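Asker: Okay, handing you the structure first.
The values are calculated or read from the model by the stated rules, or taken from the named source; none is laboratory data. Since this is a predicted model, take the numbers as computed values, not measurements. FYI the Cβ positions are ideal-geometry reconstructions off the backbone, even for glycines, and counts take in every protein chain you see. With ligands, DNA and RNA removed, areas are computed over all heavy atoms of the protein, side chains included. Shrake-Rupley method; radii C 1.70, N 1.55, O 1.52, S 1.80 Å.
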Amino acid sequence: MTNVLNAIIANKPIRPTVQDKSPSFTFDSEGRIKPLKDKGKLLPSKIFGSPVEYAKDLKQDVLNIGKAAKGKANDHELGRINDLAMKFGSLCLATYLFIKNPLKLSKAMEFVGFGSFFASMALWPKLAIQAPLKVRTGVDIHQKYIDSQGRKKMLHQDPQYDLTDLYSREDLDKMGKKLNVSENLPDRDDFIKQRAKKTAIQGNTLWMATAGFATPLMSALICNRLEKPIAKAIEKYDLISSSVGMEKGAANGPISKLKQHLAQISLNKFLQQNADRVMDDKLVSELAVKLGGKANSATLQDAIKEELKSLKTNVKLDESFIRAAVGDKVPQDIFNTLSEKQRTLLNKSIAEGSVRGISDIIASAVPGTKHEQMQLKKTIASLIEKAKTSQELPKLSVISDKVQSMYSSLSSFASEKAMLDKFITARVGDKSGTYIANQWGRVGDKLIKSLKLNTAELKALSQGNMDVLMDKLSQLAANEMEYDKTINDLMRLIGDYESKTGTPVVSRIKQKAQDICSRASGDLQTKGFSKVADKITSSSQKGTLETVINVNTAERISGAQSSFYRLIQAIDIIKKSKDGKLNQQLSRILKEEGQKFDIATLEKLSKACQKVVLTATTTDYVEKLKSAGFELSEVEYKAVMKALFDNKIDTANTLEQSLSKSVGTERAQEILQGFRNYKDEFMNKVANWQNGMTKDLSRRTVTGITNSANAVERNNIAGKPIKNLIQDVAKQTYNSQKWLKIFGTTFAALTVITLALGLTFGRKSKMEKQIEEESKVK
Amino acid sequence: MVYSVGVQNQYNKKLYEHASFGKKEKDKRSKCENHDALLIEEKTKHPISTSIKIQTNKLANAFTKYPKKGFMGSKNANFYEYLTMGMVPYLIGSGMLIGVFNFASKFFDTPAAVNSAKLGKKMGLGVLAYGILKTLSKKFIEVPVNLMRNVDVNLPYDKVVYELPENNNKDNLVSHEYHKVFESVDFPRFDLFYNNKYFGEERDAYFKKTAKKFGFKEEDVEHSDQKVKPKIRETVVKTRLFTTLSSYLWAATGVGVAMQKPWESLIINPKTRLANFKNYKQIAKQAKEQGRNIAKYNYFYKDFGNKFVESCKQFINNNHKATKYAGRALLGAAVGMTILGNIFALHDFNKDKGSKTQASTSLIDDSKEKVIC
């Protein structure tokens, strides 16, 4: 710049003809250079900036990139571009991880992580340093100013570039008061400015020293706290969007249409590329996958294969075809030398299409030994069959119209079914993040809370310690108020579950499945693809897609319902064992069975009842509790099962009282009815299960009713063992608490230290005090 | 110059009453000299040791001297110290990020500990990959620019700072700071290139050489410094812009690679590896024969290398289509930005029109005599 000025001075009074758009100097009336009038000013001191301001700055930063690409940016602009690039790079990474993660919650958490990290980076210095210091000393260490070129900068960024002259009288007075600077001090303003500068240096140093600890901790803690609300929000979104999507036909939405369009292009390409291939097994399989799509089951693909295989060309068996097929394996003149009888038989076989007959006649006409004729007969038959098959199997190009036609019906069906699947999955899908999975998690959380566990107990439970579980459940059952409250909480969750998976929802699924299956099936029937149509829905066939949809849904709903009932039952049984009602029930059963018993037996069976309800799996029931470690006689097994599942014995009075208190009599009766049905079903399908594998137990049943439940059904009725539920949740809770304890405590300690250090900033130094004292004396 | 005291108020007067500045004889002698020295010779002859020396000095000061001055609110604290202290949150933050995802897992039960360790490993590697790639990737643009234009944007110089006496400290008032010549595009330290024998005997040898690299004609090279300075400045701006933009994309790519599944089975196990260090071949052979996981007993770099190759493959060729294309897009963006950076930084957009940003080119008439200081 000096050179420029010198050059101008050397040419004085000539003014440059071409000027920079915004030179950093001007001229006085005599043409001499003088500095520009300063236009710098402080911006209003705020802890949080406005979004509009942020958007404006962002726009300017983006524009500055274009400027910098031409080599025209300054330090300030490059610095801001760096911040922008960091955010952009992180956003790219978050987007990549968003795409990579399969689960919605994980996807969302990638952006939450990104946002929380930058938020923490910005918030920590504001909340822990800037705001407290401003309150205590009046100094805003991140005070911004706008310079003469209109650039926003930090006032205290460079301590050697003193801009404290920008402080107004009001600002200085405010700071002076808070910094306790004597009113009568000569050069008071300079004194205040020095103190403000010192405070800012200290604050900025504290920021640098603590940000490395605070930002990751704060970000991790924010993510930890936000995970559950976000899961809940995603769950709500899925429930609503899948419902709306199914009803409004989102299958015809733009994304779905684009997908269909792309699939159509892919199919057309496939048909073109493979036009000359014959429809052999390999090609049929490839086509079945393309037509069947992901949304449909393998059984549908099998039906498509069958359908495609049936698209054969009828081959006319005549003499010329046979001549061509056998070729030079048989002398061609043999056809002219056939006897009349042979000719008649040959014509008859041709008319019947009997390859065996044809080959028999031709082979017998060829001279040779019987053995040679037998060999020739086989060869001829094989040649004719081969020629026939190769002509029967059409080229793909011949049937591509039919394939297209089948595809158009199947693709509409697939997209409609995809929406139905989405509706079902959002509610009862067997994967994490669905309503059913989340609700089950909430039940576990509620239970863990009700058990009032300390860290050691939580750890023991997370390791599957049954004694702690029994002990805690007993304590819960013994406390009337806590017991009622727990039942009340659980009922609310169950009520919510029923509202989302109850009869109206199941009917809706059934109706929709029927609608889309009937429509697709009818369409395919009309086009002549009856095999595929019947596989989608049929009144005469079993295992159609429609049935599969309904059965799978019902199984998932009943599985979760059973788990809920099992949970109620577990709490109820523990309570009964505490107040002696369980022993009364057991003794009644044993008496009815004519079994002698003592207190020890009753205690043993009572413990068995409690343990069974908490831990038993389907296998344990199938093995008549032997695999669960119980050596029970036949009568004892019956007693345990009856005490647990016989509605005549277990009248659930205690539960009724508690339920009535929490949900009212009417609703309590409803729930109890469901509970009774569950127990009946359990008794018939699980407790009575006759297992052929263990002979000594195989015929052991409670009521002698033979059931027809399959393994999946039994598993669904048995539900999830309470011990497993509590252990899973305890593990999660323990880990979460441990993590929170370590990092939450560290963060809290860091915050306290930072705030405490902040209290020491901006104080008068010894020398300053001395000057103040001296000025007072004067 | 460096002792100018600014506002002479009572407070400052008190300070300067005893201001002998405690200068030692050798410092007094060179009171008004500019001690700042370009480290071109050191960097060229001993690039690694010079870089280590500078970084160690900065790191040590960032954790000790500068925070001490900062917490005291020293009047000698400056922007360089503030920026150098920026290393502190960067390094501690990286350690904390690794810690947040790894430390707690040892208190968890299996399988939570196993799952947590898997994620922790990936996060740890992600943090390392971020730092390494962010630094290294800048060289993809900086090296070609240096070779083609003779502009080393990282060229360091030793700045001598004379501090004000404070807290009865009157003796140790000289400190050294390691700056970069082009760290400021507004005020690059062009002065350090003049009369530097390293570049040649001529006063402006560096600028002449650089002018040739920029393709100036022989007759222009005579006044090369005035001609080439704006060009250097533009090149520095463009290089800074594109190294910044590309480095974050490379860093994101690095983290993306670190997030791939193969890393989950990386066995770090330093204790066993060190114990097996001497006869690792024999132990690895035994492990192989016994059907155990050989990676545990092999050299770490081999296992690491295998995982790295697998992860890179998975990053650009993932089974999941969208992930595959996203990975390719991220890598493509990083590579693309680097190529673009090279093109922009090495291309002179203002060659024909003359630089409008630099008043010098439009205001100075080359035919007239000029005063150069």
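Asker: Roughly what % antiparallel, to the nearest 5, for the DSSP beta bridges in chain A?
Answerer: 100
Asker: In addition: Could you order A:401, B:186 by accessible surface area, starting with the largest, using a probe radius of 1.4 Å? Can you show the working numbers first?
Answerer: Values: A:401 120, B:186 55 Å².
Largest to smallest exposure gives the sequence A:401, B:186.
Asker: Residues with amide H under 5 Å of residue B:181's amide H, sequence separation 5 or more or different chain, H placed in the peptide plane at 1.01 Å from N; which?
Answerer: Excluding prolines and chain starts, which carry no amide H, the hits are B:155, B:157.
Asker: Sticking with this structure for a sec: How many percent of Cα pairs in the stretch A:496-542 exceed 14 Å?
Answerer: 57
Asker: On the Cα set of the stretch B:175-237, report Rg and Dmax in Å, please.
Answerer: For the stretch B:175-237, the Cα-based Rg and Dmax read 12.3, 43 Å.
Asker: Quick query: amide H of residue A:27 versus all other amide H atoms, modeled in the peptide plane; which residues come in under 5 Å with a sequence gap of 5 or more or a different chain?
Answerer: Residues meeting the criterion, in which the H sits 1.01 Å from N, are A:34.
Asker: Same structure, new question: Each residue of the stretch A:179-187 in order: what ³J(HN,Hα) in whole Hz does its phi give by Karplus 6.51 cos²θ - 1.76 cosθ + 1.60, θ = phi - 60°, with x for Gly and Pro?
Answerer: For the stretch A:179-187, the Karplus curve yields 7, 6, 8, 3, 5, 8, 5, x, 6 Hz.
Asker: Please compute the Kirkwood hydrodynamic radius of the stretch A:131-207 from all pairs of different C-alpha atoms, in Å with one decimal. Please list the in-between numbers first.
Answerer: Working: mean 1/r = 0.0783 Å⁻¹.
This gives a value of 12.8 Å.
Asker: Return the sequence-ordered ³J(HN,Hα) values of the stretch A:673-687 in whole Hz as given by the Karplus equation 6.51 cos²θ - 1.76 cosθ + 1.60 applied to θ = phi - 60°, using x for Gly and Pro.
Answerer: Each residue of the stretch A:673-687 in turn: 5, x, 5, 5, 4, 4, 5, 4, 5, 4, 4, 6, 8, 10, 5 Hz.
Asker: In Å and from the alpha-carbon atoms only, list the Rg and Dmax of the stretch B:216-298.
Answerer: 26.8, 77
Asker: Something else about it: Any idea what diffusion coefficient the stretch A:626-677 gets from Stokes-Einstein, in µm²/s, Kirkwood Rh on alpha carbon pairs, 4 °C, 1.567 mPa s?
Answerer: D, rounded to a whole number, is 103 µm²/s.
Asker: Regarding the stretch A:294-402, what's the average projected area of the Cα-atom convex hull, expressed in nm²?
Answerer: Average projection, Cα convex hull of the stretch A:294-402: 9.3 nm².
Asker: Debye sum, Cα scatterers, the stretch B:277-342, no solvent: what log₁₀ I/I(0) at q = 0.13, 0.16, 0.21, 0.22 1/Å?
Answerer: Values, matching the q order: -0.58, -0.68, -0.83, -0.87.
Asker: So, one more: Could you state the principal axis extents of the C-alpha atoms in the stretch A:541-622, from the largest down, to the nearest angstrom?
Answerer: Cα extents, longest axis first: 56, 26, 19 Å.
Asker: Throw me the Rg/Rh for the stretch A:436-513, computed over C-alpha atoms with Kirkwood Rh, two decimals.
Answerer: 1.14
Asker: Over the Cα atoms of the stretch A:191-296, compute the convex hull volume and normalise it per residue, giving Å³. All intermediate terms of the calculation are to be shown ahead of the outcome.
Answerer: Numbers: hull volume 29.4 nm³, N = 106.
Hull volume normalised by residue count: 278 Å³.
Asker: A further question on this structure: Kirkwood hydrodynamic radius of the stretch B:45-106 from all distinct Cα pairs, in Å?
Answerer: 13.4
Asker: Using protein chains only and a probe of 1.4 angstrom, how many square angstrom of residue B:250 are accessible, to the nearest 10?
Answerer: 40
Asker: Which of the residue pairs A:449/A:472; A:134/B:58; A:607/A:731; A:46/B:65 have a Cα-Cα distance greater than 20 Å in the structure shown?
Answerer: Pairs exceeding the cut-off: A:134/B:58; A:607/A:731; A:46/B:65.
Asker: If you place +1 on the Cβ of every Lys and Arg and -1 on the Cβ of every Asp and Glu, how big does the dipole about the Cα centre of the protein assembly as shown come out, in debye to the nearest 20?
Answerer: Working: 183 positive and 125 negative charges, 207 e Å.
Dipole size: approximately 1000 debye.
Asker: Let me ask you something else. Return the ratio Rg/(2.2 N^0.38 Å) for the stretch B:78-181, where Rg is computed over Cα atoms only.
Answerer: My calculation over the Cα atoms of the stretch B:78-181 gives 1.66.
Asker: Output ³J(HN,Hα) for the stretch A:354-364: one whole-Hz value per residue in order, computed from phi by the Karplus curve 6.51 cos²θ - 1.76 cosθ + 1.60 with θ = phi - 60°, and x for Gly and Pro.
Answerer: Calculated HN-Hα couplings, in order: 8, 5, 4, x, 4, 5, 4, 5, 5, 5, 5 Hz.
Asker: Can you pull a Stokes-Einstein diffusion coefficient for chain A at 25 °C (0.890 mPa s), Rh from Kirkwood over Cα pairs, as a whole number of µm²/s? Display every interim value, and only then the final one.
Answerer: Details: Rh = 35.8 Å.
Roughly 69 µm²/s, to the nearest whole number.
Asker: Which of A:476, A:119, A:384 sits closest to the plus end of the dipole of chain A, meaning its Cα is farthest towards the positive end, when Lys and Arg get +1 and Asp and Glu get -1 on the C-beta?
Answerer: The residue sitting farthest along the positive end of the dipole is A:119.
Asker: While we're looking at this one, here's another question. Can you give me the long-range amide H partners of residue B:74? Hydrogens built in the peptide plane at 1.01 Å from N, cutoff under 5 Å, separation of 5 or more residues or another chain.
Answerer: Here the answer is none, since no amide H 5 or more places off falls under 5 Å of that of residue B:74.
Asker: Still on this structure, I have one more. Name the residue farthest towards the positive end of the dipole of the stretch A:213-310 from the options A:270, A:214, A:287, assuming +1 on Cβ of Lys and Arg, -1 on Cβ of Asp and Glu, about the Cα centre.
Answerer: So the residue we want is A:214.
Asker: Let me ask something else. Give me the accessible area per residue for the protein assembly as shown, probe 1.4 Å, as a whole number in Å².
Answerer: Per-residue accessible area for the protein assembly as shown comes out at 51 Å².
Asker: Would you mind checking A:452/A:575; A:452/A:723; A:611/B:106 for any pair whose Cα atoms are more than 25 angstrom apart?
Answerer: The answer is A:611/B:106.
Asker: Something else about it: Could you list, in their original order, any pairs among A:596/A:638; A:236/A:422; A:257/B:321; B:121/B:321 whose Cα atoms are separated by more than 23 Å?
Answerer: Too far apart for the 23 Å limit: B:121/B:321.
Asker: Positive end of the dipole of the stretch B:149-220, charges at C-beta (+1 Lys, Arg; -1 Asp, Glu), about the Cα centre: which of B:192, B:179, B:210 has its Cα farthest in that direction?
Answerer: B:210
Asker: Using helices alone, what [θ] at 222 nm do you get for chain A, with -39,500 (n - 2.57) per DSSP H run of 4 or more residues, divided over all residues and rounded to the nearest 500?
Answerer: Roughly -23500 deg cm²/dmol at 222 nm, from the helical runs in chain A.
Asker: Could you tell me the extents of the stretch A:71-136's C-alpha atoms along the three principal axes, largest first, rounded to whole Å?
Answerer: Answer, in whole Å and largest first: 47, 42, 7 Å.
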